[in-house]
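In what follows, a structure is listed as structure tokens, so that the remarks can point back to it.
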Amino acid sequence: MIPGLVSFVGNTPLVELEFPIIGSSMRLFAKLEMFNPGGSIKDRPASLMIRQAIAAGRITRDSHLIESSSGNLAIAIAMIARQMNLRFTAVIDPNITKVNRDLITAYGAEIELVDQKDEEGGYLHSRIRRVRQLLEKLPGTVWLNQYANPDNPRAHYEGVGSEIVRDMPLEPSHAFIGVSTCGTIMGVARRLREAWPNIRVVAVDVVGSVIFGGPSAKRRLPGIGASRIPEQLDASEVDEIVYVTDWESVLGCHQLVRYEGLLAGGSSGSVIAAIEKMAPRLPRDAVIVTILPDRGERYLDSVFNPDWLAESDRVEIPLQAAHRTLGAADHLRNAS
């Protein structure tokens with residue numbers, strides 16, 4: 001029932017980047033997830049969650065898929081659902097870029113726009129409430145639930161994590177990984193620690209996200225951060241957190257174009273900004289691996305639009321205000 005195109009998900013390139021933003025003795029490797037068929041890393045969990053739901057009998061030819069996503073996961077599910085002739089409804093919010101919305105509808109998916117902010121000042125709680133309403137209202141609906149589905153981190157453990165272990169030419173000292181649903185960082189961190197127990201896992205979050213206990217605030221960049229703590233987050237897998245602003249993420253995207261000719265998406269700029277911010281504190285011989293989750297064409301009307309952020313939103317924060325090391329107390333708090 002799963003179409004053949006999905007067999008081309010994964011085995012994306014791992015390349016070494018040469019940035020003047022890091023020390024001359026450091027090395028930086030990046031997994032280019034924009035080379036997946038749907039253009040992003042979200043092809044991986046979308047295909048595995050759907051495959052497993054089919055195997056369990058939850059998805060049949062009469063099913064109507066529903067997911068809360070304003071970006072790449074919705075695009076990935078829409079692509080697969082179109083190939084399978086299944087209905088799909090994406091529950092989105094106003095932060096979605098025009099290009100992403102157009103891509104979702106181009107695949108024939110339906111749109112449910114949630115424009116009422118939730119109690120955290122974001123839209124995630126509101127989107128999930130809308131999902132639950134649709135499950136009760138519409139017959140044959142199936143919610144894959146990227147936030148709590150164990151096949152989400154599993155897809156990254158077996159996929160991008162294992163591919164990094166296979167393809168890295170030397171042992172990495174640090175992994176910088178963006179967070180949102182936390183499926184990527186959980187799956188990848190677990191796989192990398194199996195191979196390299198001493199690796200430092202650095203979560204890259206955006207100012208305004210509450211994932212690691214930060215105060216909720218306005219966020220513009222889709223695909224990174226969240227207004228609720230994801231069920232699958234296990235903070236014991238994370239050693240450090242670096243926060244970046246929307247503006248710093250924009251600058252990181254432009255640096256990828258300037259120095260590497262890579263047109264990558266917003267959260268790719270976030271990890272580049274975090275690495276640049278952390279570089280003075282890293283060992284001179286650090287070997288860094290990171291993940292660039294998606295294509296930049298989806299952000300031409302946002303990140304790559306010079307008028308996207310108002311002057312008041314063009315904010316940078318110093319490392320001392322943006323960096324946190326997670327200790328035993330944090331891990332115990334998370335476990336409770």
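Every read-out reported here was derived from the displayed coordinates using simple, explicitly stated rules and does not represent laboratory data. Computed from a prediction, not measured in an experiment: that's the story for all the values here. No Cβ is skipped: glycine too gets one built from the backbone with ideal geometry, and neighbour counts run over all protein chains shown.
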Please report the Cα spread of the stretch 53-159 along all three principal axes, rounded to whole Å, starting with the longest.
-> 38, 31, 29
Taking every DSSP beta bridge that has both residues in the chain, what percent is antiparallel when rounded to the nearest 5?
-> 20
Quick one: plug the Kirkwood hydrodynamic radius of the stretch 214-293 (C-alpha pairs) into Stokes-Einstein at 25 °C, 0.890 mPa s, and report D in µm²/s.
-> 175
Starting from the Cα-Cα distance between Gln320 and Thr141, subtract it from 0.36 nm times their residue separation and give me the gain in nm to one decimal.
-> 59.8 nm
Binning at 20 Å from 0, report for the chain what percent of all alpha-carbon pair distances ends up in each bin.
-> 33, 60, 7
Dimensions in Å of the stretch 174-251 - Rg and Dmax from alpha carbons = 12.4, 38
How long are the three semi-axes of the equivalent ellipsoid of the stretch 1-81, in whole Å, if each is the root of 5 times an eigenvalue of the C-alpha gyration tensor, listed from largest down?
-> 34, 13, 10
Taking only Cα atoms, what is the 0 to 90° angle, nearest 10, from helix 72-84's long axis to the longest principal axis of the chain?
-> 40
What is the log10 of I(q)/I(0) for the stretch 118-254, computed with the Debye formula using one identical point scatterer on each Cα and no solvent, at q = 0.11, 0.17, 0.18 Å⁻¹?
-> -0.46, -0.98, -1.06
So how tilted is helix 43-55 from the main axis of the chain? Cα-based, degrees 0 to 90, rounded to 10.
-> 40
If each of Glu158 and Glu112 carries a label point 7 Å out from its Cα toward its Cβ, how far apart are those two points in nm?
-> 2.9
Go through 159-166, 53-60, 242-249, 276-283 and give me the packing order, highest mean Cβ count within 10 Å leading.
-> 242-249, 159-166, 276-283, 53-60
